[in-house]
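Presented below is the structure to which this report refers.
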Amino acid sequence: MSLLPIAVFIVYGILSPLYYRLLRGKLSNEVAFLVTWVTAPFLASYPFFYSDLVVLLVLLMINLVGYLLIIKHRYKYIYNGIIFLLVPVVTILIFKLLTFI
């Protein structure tokens, strides 16, 4: 298991509240920024997990949850970084469970 994608999600989880404070009120298209912000870490991590189908499916589902949060205007879950900090925890749990199977 590569630690790089996990580090990417942790960094995004830490930077999300900072970017929210810095960019609040300055974005002309907030939804486009949020779509890009949600898409980028997932796109960066997919090549590392392409051989692990179970992890890839979970990442896809969490990515879809991020898009649903944007569609339903629940931006606080993206801005506080919860969705990005949830991904490393779920990924590590899946890898630990896969070793027992």
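With the convex hull drawn over the C-alpha atoms of the chain, the volume per residue is 86 Å³. Of all the options Asn80, Asn63, Asn29, the one that moves most in a Gaussian network model of the chain with Cα springs shorter than 10 angstrom is Asn29. Here the Gaussian network model covers the chain, with springs between Cα atoms less than 10 Å apart; of Ile82, Ile62, Ile71, Ile71 fluctuates the most. Compared with the dominant principal axis of the Cα atoms in the chain, helix 4-23 is inclined by about 10°. For Lys26, a cut-off of 28 angstrom between C-alpha atoms picks up these lysines, skipping any fewer than 8 places away in its own chain: Lys72, Lys76.
The angle between the Cα long axis of helix 30-45 and the main principal axis of the chain comes to about 20°, on a 0 to 90 degree scale.
Were the residues from Leu18 through Leu4 laid out at 0.36 nm apart, the gain over their Cα-Cα distance would be 2.9 nm. Annotation note: trypsin sites (Lys or Arg not before Pro) in region 5-53 located in DSSP loop regions with a Cβ neighbour count of at most 16 within 10 Å are Arg24, Lys26.
Checking every one of the chymotrypsin sites (Phe, Trp or Tyr not before Pro) in region 1-95 against DSSP loop status and a limit of 11 other Cβ atoms within 10 Å picks out Tyr50.
Every number in this text was worked out from the coordinates using simple rules, so none of it is lab data. Note that the coordinates shown come from a computational prediction; the quantities given were computed from them, not determined experimentally. Please note: Cβ atoms are built from the backbone with ideal geometry, for glycine as well, and neighbour counts cover all protein chains shown.
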